[in-house]
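Peer 1: Got a structure for you, written out below as structure tokens; questions coming shortly.
The values are calculated or read from the model by the stated rules, or taken from the named source; none is laboratory data. Note that the structure is a prediction, hence the values are computed from the model and not measured. Every residue, glycine among them, receives a Cβ derived from its backbone with ideal geometry; neighbour counts consider all protein chains shown.
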Amino acid sequence: MTKLIQTEEEVMLADMARGFLDEAAPVSHFRKMRDAGATHDAGLWREMAQMGWAGVLVPEAAGGSDMGHAAAGILAGEMGKTLAATPFLSSSVIAATALRQVSGKRSDEALARIAAGDLTYALAVDEGKKFAPQATEVEAKREGNGYRISGTKAFVVDGGLADRLLVLAKTDEGLTLFDIPSDRTGVTRNAQGMIDARDASRIAFDNVEATGDDVLGQVDDAMSVLRPAMEAGQAALAAEMSGLSAGAFGMTVDYLKERKQFGVLIGSFQALQHRAAHLWCEIEVTASAIMHAGRMLDSAPEQATLAVSLAKARAISTAKLAVIEGVQMHGGIGMTDDFDMGFYMKRARVSTEWLGDYSYHAEQVAQKRGF
Amino acid sequence: MTKLIQTEEEVMLADMARGFLDEAAPVSHFRKMRDAGATHDAGLWREMAQMGWAGVLVPEAAGGSDMGHAAAGILAGEMGKTLAATPFLSSSVIAATALRQVSGKRSDEALARIAAGDLTYALAVDEGKKFAPQATEVEAKREGNGYRISGTKAFVVDGGLADRLLVLAKTDEGLTLFDIPSDRTGVTRNAQGMIDARDASRIAFDNVEATGDDVLGQVDDAMSVLRPAMEAGQAALAAEMSGLSAGAFGMTVDYLKERKQFGVLIGSFQALQHRAAHLWCEIEVTASAIMHAGRMLDSAPEQATLAVSLAKARAISTAKLAVIEGVQMHGGIGMTDDFDMGFYMKRARVSTEWLGDYSYHAEQVAQKRGF
Amino acid sequence: MPFSSDPETFRNELRDWLKINCPQEMQDAPTTEAEICWGGKNWVFSSDAQQQWLERAASVGFTVPTWPQAYGGAGLDRACEKVFHEELARINARLPLQSFGIWMLGPALLQFGTEEQKLHYLPPIARGEIRWCQGYSEPGAGSDLASVQTKCEDKGDHWLVNGQKIWTSYADKADWIFALVRSDREAPKHKGISFILVDMTSKGVTTRPIKLISGISPFCETFFDDVEVPKHHVVGEVNRGWDVAKYLLTHERQMISAGGSGLFGGRALGAIAADDAGDGGLSDATSRAAAMDYEVNSLAIGLTLERYKDMAESGAGVGDASAMLKYMGTELNMQRMELMMSGGGAEALEWDGPVGNRAGEWLRTKANSIEGGTSEVMLSIVSRRVLGLPG
Amino acid sequence: MPFSSDPETFRNELRDWLKINCPQEMQDAPTTEAEICWGGKNWVFSSDAQQQWLERAASVGFTVPTWPQAYGGAGLDRACEKVFHEELARINARLPLQSFGIWMLGPALLQFGTEEQKLHYLPPIARGEIRWCQGYSEPGAGSDLASVQTKCEDKGDHWLVNGQKIWTSYADKADWIFALVRSDREAPKHKGISFILVDMTSKGVTTRPIKLISGISPFCETFFDDVEVPKHHVVGEVNRGWDVAKYLLTHERQMISAGGSGLFGGRALGAIAADDAGDGGLSDATSRAAAMDYEVNSLAIGLTLERYKDMAESGAGVGDASAMLKYMGTELNMQRMELMMSGGGAEALEWDGPVGNRAGEWLRTKANSIEGGTSEVMLSIVSRRVLGLPG
């Protein structure tokens, strides 16, 4: 396996991304979107596409930059630091990975349009409180030589902006993944008022027509396409969360160095020093799991489950600590909406649930490790 | 229910006990016993009996002081502070409570001799790694109008010194509690080398003869006698553990106030201050659960299970924190055998397992609380 | 009508009284903010029942059951108070009135006020006619409460107050504010503070709400520009206001910590979470273990609150140890909402989702360990004043 | 015989070499202390196989695979070193030799030693002929390592050493000791320390073991009474010994932290615990949740150790950040033994019970967060030197 240090290319990519985001999508930009009730910035996404971010997992043949999952993680991490709201995970990571599992002209075209930033996707898997693909209730009933999809999906991230939806549905012999346009007759999207002010929808499918061509991969075998896609998404989301942790931690350490109380810098209080030091240690350890997950997805994707769940589990516990300490160490101001720390806390909470919470991934780790 | 503050009598009892133990059984006394390989001090126990401690749960009619479970907890707590090794829990709390469940001349005589300090008991329930009375394998087979007991008990606390044993065994329709002399033919006691240097034995029963008269309570219904006895023991053990925590914490705070490093008292380091303060808070909270358990056993014993398990669960987690912080804050010296903190750590570990560990009691609490 | 002072007799009298006087609608938990009665000049009753319940309770002193009858209370001792709460809980009755006047100013006046002040200010609080808010914190002061900058100058026949307060809960709805002001700039930090009472309608007093990460909040910023305050509106001695503040902080800690304390009567979080999880139950080890830990700690902290009340009532001073109640109680409460959020999963990620505004409550609890003194301050109080550690 | 420097070719050569040279008895984990080969003048081999294995490994530099061949090593680069450990692990082969000479003094000499010192001291370490121990801590100094009091006076043709060291691991079995001594009492704390090498057989050196709460321990107290030491036995510049010590502390941290790091190859604690619990499995939520948390942290910390090794090898200095490895690694290791004790239950409460001396191991780990710098010191290093927090 490649080493657990960033290659020169990766270092350059990270610097470039950081530079761009600090300019084009700092936290203040997200605040403007939030205040304006906007959940998507098409212009920003176009710029990212031009830089090759949208096609980070798209083959060069299809016009992508094909930089791989470790690179995708680096980009996600930087976006996490500034809370940049983009369709990156849904379209460029999850959908692109899914499409790459199936060869064919249609998927190649879709990949090309994703790389160009002209096509967005959303993954419609969740239905209840917890991430549980196997418990899918939405059903696709055979009708003639096609299907009729009925039921309701919820917490469909980027469901509002997406041109197309990847819908997981029950079929006769198992689960099937459908790839349909989001404006197809019978599809009703209701935006959810998310605490992280991002795009998520509750989507009702009322007897929606689907043909065999709408099936991505094989009928009754969604997982051979969906598992790699979800794991790619989980790894990138974990990377975003570790970037988020680093962002929140950076704000906190700066505050410890400038804020005075009882006449001295609060950063000189040993209790706070040790808590900050402990948090830094957790962030460092999580960074290793994130990098390892990217390396595994790039080198041995079929054996990456343990690495990916390890990364998401660590990212979740670390982000929770980072935002709680962030708010607590800032005191009252950390609680005000005028201050950015709250954004990190809310985004961390949503990211914790998306694609599997700590318990889900810790159980995955346990099973893979034989208990 | 009586208030959650010590009555005047209880305050006096605590002062008296503290005074006596600091004199007659300080930690240095336990160290002498440990170094000499002694696990019992008959003289010390006789003195305690004379003060009415051995009969704390024995009716006055039978020559006891009958002070109740809250009082027993106070005595156990003070013994925990100085690590006084006595048959108090096994004989005066567990056995006495069991004997009180059955009326009759024999049990009255036994209670009288316990109160006098002339009779000691040990509870032989455990067999495997964990406390699980229901999983008892030791069997008492009917033979003629008697029984033959076979199997092996382990971790029988005070099994070495005890004159009599309360043995839990499987019978035709359930579990039965036998009250037999520890020197009966077929009983083989092997002392276990316990880390806390207390008396515990592995006891083999080889076709041991028992008659109907040896049954305490009803055949096949051990629990109506054993449950109250075990709960009394769990509450008193929890009280001992909270005394142990207070003792270890006292040593630690004293050390923080006298030990200098880098030119200043280590007690002035805020990180240590906050950890010590947090530990004190935990100890205070646990003290409430301990007192409440005693009050419940005295006022409504049949509904005391929740209170008792709450007390033991809290006592376990608090003692663990107290001894770990105790060793850590003392640094290298805390690791040396010449220093007493190790005794507290080892005793806390043994007390954690005896009569149910944290998981056992937390599950009890959960069940009583409806989940 | 006078009630008996014997707990069990009182219980029976109370049951009869409640049967007649507690409206049916008042016998279930409030579902909206408006259903909690705070009283005050601008209060709009959410229902006739709410008004009846307040008036009937006030008429016998049950809005402030432990206050002396002379000041609008029922003069209940601790034993009867316990019975009072047990009986209200039994029929699930709401408190007829809640306010900072009851929780904070009342106790301060009872301890430090003159007889005139007690007779003038307490009864309107008991009747829910005057609503009070608290003015302690100032921008930039953070945990350092004593660094009060709001100026209070002696102008002979009145005080002239200038400055700004922050975190003044419900200041926008309050009629009066009790505040800490700097009445002597020369004296050492803690010696130049006075505890002053100001009519919010006075010229120069303005207030505006603060938006929190949890959304709209009860907190406000309150500004004083050349506000004139009568001389006799000081509680306790001039320049000794810190004593009053310290007393109230101790008091407030117990109050806030009560929020987090589980009581044997209440429903276990684990049971709620199990419902939450539905058929899944608390099948996963992580959630079940966390719920069990929470339950154990919650019950024990609840008992500790009981124990400290008993201690206080028995005359054994609680004092600085109450910092422990505040610390443990608020940490527990935050832990509780973390578990509730995890239980709610995706459905708890919306501001107004299938499980209501649970996210808002969750975010709100993050302030628990900051307001009324941060957890760090509480731990320092314990280590210095209770354990006597140096520095 | 020279080995290839191409990792995969080396792997094949190594496999062949191991087939011929690694005795069968050496191909399983040691079960007793004596089966771990520490070498030294007084070493008594536990078996012929142990002696053969040491001699054969030493003959090709495999006792110190990364050291230059000139000093008795095999000169392996990081890639080949990885292969080396993978191949030994594959056949479950023991390390032919372990010692503080390999872990500590060697690296110090390679960094600070003169060519003469390297040629004189390193080969005997590589061959397991000389066993070294470490003399840093002193009674009462605790975490303040630089407060070295042991006197080292310049007597012209030799040094005269007087003082006491504590926590000198295996000093009673060692041939030589490397120690920090105070060579200039006037200079500031960190500037008057020298790093000196002393023959334990020198007149005036005595040592005695320290008993720990876990029982007999490798730790000793070592006394120096008018010990004469040749001038050239100083490593690095005189009075600059603190630089050497700091370098080694960083190095030691990585070593100690390795103890706690879980590796993907190894068996999961949860799996072990499940066996422990027998049919019960890890059925109870508390144990299962704790085992899962441990596994997640253990794997991630193991990866972090890998990452830092890769960083170090790529030239990116790790430096003070290694304090993190030490802190996280030792805390993890203690957590591990707590879980093992809980899993063992009553059977782990005996010094020599059904699960062996697990209690001894458990108690021993409590020293992990103290030896080689306490966890508090590690956190202070991170907060000051890595995060740049004030004070």
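Peer 1: Would a scan of the stretch C:347-355 turn up a residue that is away from chain A (no Cβ under 12 Å) and either modelled with pLDDT under 90 or closer than 22 Å to A:Val323 by Cα (or both)?
Peer 2: no
Peer 1: Condition check: within 19 Å of A:Thr97 (Cα to Cα), surrounded by fewer than 18 Cβ atoms within 10 Å (Cβ to Cβ) and among the hydrophobic types (A, V, I, L, M, F, W, C). Does A:Ala61 satisfy that?
Peer 2: Considered against the rule, which asks whether it is within 19 Å of A:Thr97 (Cα to Cα), surrounded by fewer than 18 Cβ atoms within 10 Å (Cβ to Cβ) and among the hydrophobic types (A, V, I, L, M, F, W, C), A:Ala61 comes out as yes.
Peer 1: Right, something else. Are any residues in the stretch A:86-135 more than 22 Å from A:Ser351 (Cβ to Cβ) and of a type in the set (Ser, Thr, Tyr), and if so, which ones?
Peer 2: Hits for the stretch A:86-135 are A:Ser103, A:Ser107.
Peer 1: Do any helices (runs of 4 or more DSSP H) lying entirely in the stretch D:1-115 carry at least 1 residues that are under 18 Å from D:Lys309 (Cβ atoms) and touching a residue at least 60 places away in the same chain (Cβ under 8 Å), and which ones are they?
Peer 2: In the stretch D:1-115, D:7-21, D:78-90, D:106-112 are the helices (runs of 4 or more DSSP H) which contain 1 or more residues that are under 18 Å from D:Lys309 (Cβ atoms) and touching a residue at least 60 places away in the same chain (Cβ under 8 Å).
Peer 1: Right, another one. For the stretch B:258-270, which positions are facing another protein chain (nearest Cβ under 7 Å) and surrounded by fewer than 20 Cβ atoms within 10 Å (Cβ to Cβ)?
Peer 2: Matches in the stretch B:258-270: B:Gln261, B:Phe262, B:Leu265, B:Ser268.
Peer 1: Restricting the search to the stretch D:324-355, which residues are within 24 Å of D:Leu249 (Cβ to Cβ), surrounded by fewer than 24 Cβ atoms within 10 Å (Cβ to Cβ) and of a type in the set (D, E, K, R)?
Peer 2: Answer for the stretch D:324-355, where residues must be within 24 Å of D:Leu249 (Cβ to Cβ), surrounded by fewer than 24 Cβ atoms within 10 Å (Cβ to Cβ) and of a type in the set (D, E, K, R): D:Glu331, D:Arg336.
Peer 1: Looking only at helices (runs of 4 or more DSSP H) that fall completely inside the stretch B:1-100, which ones have 1 or more residues that are among the aliphatic types (A, V, I, L, M) and within 23 Å of B:Phe249 (Cα to Cα)?
Peer 2: B:8-24, B:27-36, B:69-81
Peer 1: Let me ask you something else. Kindly indicate which of A:Leu306, A:Leu256, A:Leu297, A:Leu272 is in contact with a strand residue (DSSP E or B) (Cβ under 9 Å, 6 or more places away or on another chain) and assigned to a helix (DSSP H, G or I).
Peer 2: Numbers: A:Leu306 fails: in contact with a strand residue (DSSP E or B) (Cβ under 9 Å, 6 or more places away or on another chain); A:Leu297 fails: in contact with a strand residue (DSSP E or B) (Cβ under 9 Å, 6 or more places away or on another chain); A:Leu272 fails: in contact with a strand residue (DSSP E or B) (Cβ under 9 Å, 6 or more places away or on another chain).
After applying the criteria, what remains is A:Leu256.
Peer 1: Here is a further query. Given B:Gly326, B:Gly294, which one is within 30 Å of C:Val377 (Cα to Cα), of a type in the set (Gly, Ala, Ser) and modelled with pLDDT of 95 or more?
Peer 2: Among B:Gly326, B:Gly294, only B:Gly326 is within 30 Å of C:Val377 (Cα to Cα), of a type in the set (Gly, Ala, Ser) and modelled with pLDDT of 95 or more.
Peer 1: So, one more: Taking the stretch C:12-56 on its own, how many of its residues are over 15 Å from C:Glu129 (Cβ atoms) and aromatic (Phe, Trp, Tyr)?
Peer 2: The total comes to 2.
Peer 1: While we're on this one: Answer with yes or no whether D:Cys37 is over 27 Å from D:Asp175 (Cα atoms) and of a type in the set (A, V, I, L, M, F, W, C).
Peer 2: No: the conditions fail for D:Cys37.
Peer 1: Here is a further query. I'd like the full set of residues that are facing chain D (nearest Cβ under 7 Å) and assigned to a loop (DSSP other than H, G, I, E, B), limited to the stretch B:322-356.
Peer 2: B:Asp337
Peer 1: Of all residues being in contact (Cβ under 8 Å) with a residue 40 or more places away in the chain and of a type in the set (A, V, I, L, M, F, W, C) in the stretch D:363-391, which is surrounded by the fewest Cβ atoms within 10 Å (Cβ to Cβ)? Just the residue, please.
Peer 2: So, considering only residues that are in contact (Cβ under 8 Å) with a residue 40 or more places away in the chain and of a type in the set (A, V, I, L, M, F, W, C), the one surrounded by the fewest Cβ atoms within 10 Å (Cβ to Cβ) is D:Val386.
Peer 1: Output the number of the condition that D:Leu14 fails; it satisfies all remaining conditions of (1) touching a helix residue (DSSP H, G or I) at 6+ places or on another chain (Cβ under 7 Å); (2) at pLDDT below 95; (3) farther than 19 Å from D:Ile130 by Cβ.
Peer 2: Here D:Leu14 clears every test but (2).
Peer 1: Given the conditions (1) within 8 Å of chain B (Cβ to nearest Cβ); (2) without any contact (Cβ under 8 Å) to a residue 60 or more places away in the chain; (3) surrounded by fewer than 23 Cβ atoms within 10 Å (Cβ to Cβ); (4) farther than 30 Å from B:Ala191 by Cβ, which single one is not true for D:Ala316?
Peer 2: So the condition that D:Ala316 fails would be (1).
Peer 1: Which residue pairs have Cβ atoms under 6 Å apart, sit 6 or more places apart or on different chains, and have a first residue in the stretch B:7-28 that is surrounded by 16 or more Cβ atoms within 10 Å (Cβ to Cβ) and modelled with pLDDT of 95 or more and a second that is aliphatic (A, V, I, L, M) and not in a helix (DSSP H, G or I)?
Peer 2: Pairs that qualify, where the first residue is surrounded by 16 or more Cβ atoms within 10 Å (Cβ to Cβ) and modelled with pLDDT of 95 or more and the partner is aliphatic (A, V, I, L, M) and not in a helix (DSSP H, G or I), are B:Leu21/B:Ala84; B:Ala25/B:Ala84; B:Val27/B:Leu83.
Peer 1: Look through the stretch D:363-391, keep the residues that are at the interface with chain B (Cβ under 8 Å from one of its Cβ atoms) and in a helix (DSSP H, G or I), and return whichever of them is farthest from B:Val156 (Cα to Cα).
Peer 2: Within the stretch D:363-391, the match that is farthest from B:Val156 (Cα to Cα) is D:Leu379.
Peer 1: Next question. With B:Asp196, B:Asp183 as the choices, which residue is crowded, with 17+ Cβ neighbours inside 10 Å, of a type outside the set (S, T, N, Q) and either under 20 Å from the mean Cα position of the chain (by Cα) or not in a strand (DSSP E or B) (or both)?
Peer 2: Criteria check complete, one pass: B:Asp196.
Peer 1: Filter the stretch A:144-159 for residues that are away from chain C (no Cβ under 14 Å) and either touching a residue at least 24 places away in the same chain (Cβ under 8 Å) or surrounded by 22 or more Cβ atoms within 10 Å (Cβ to Cβ) (or both) and give the result.
Peer 2: A:Asn145, A:Gly146, A:Tyr147, A:Arg148, A:Ile149, A:Ser150, A:Gly151, A:Asp158
Peer 1: Can we say B:Met291 is buried (at least 23 other Cβ atoms within 10 Å of the Cβ), within 8 Å of another protein chain (Cβ to nearest Cβ) and touching a strand residue (DSSP E or B) at 6+ places or on another chain (Cβ under 7 Å)?
Peer 2: On the way: buried (at least 23 other Cβ atoms within 10 Å of the Cβ): yes; within 8 Å of another protein chain (Cβ to nearest Cβ): yes; touching a strand residue (DSSP E or B) at 6+ places or on another chain (Cβ under 7 Å): no.
Here the answer is no, as B:Met291 does not meet what is asked.
Peer 1: Answer yes or no: is there a residue in the stretch C:293-311 that is modelled with pLDDT of 90 or more, under 25 Å from A:Leu355 (Cβ atoms) and not aliphatic (A, V, I, L, M).
Peer 2: No, the stretch C:293-311 has no match at all.
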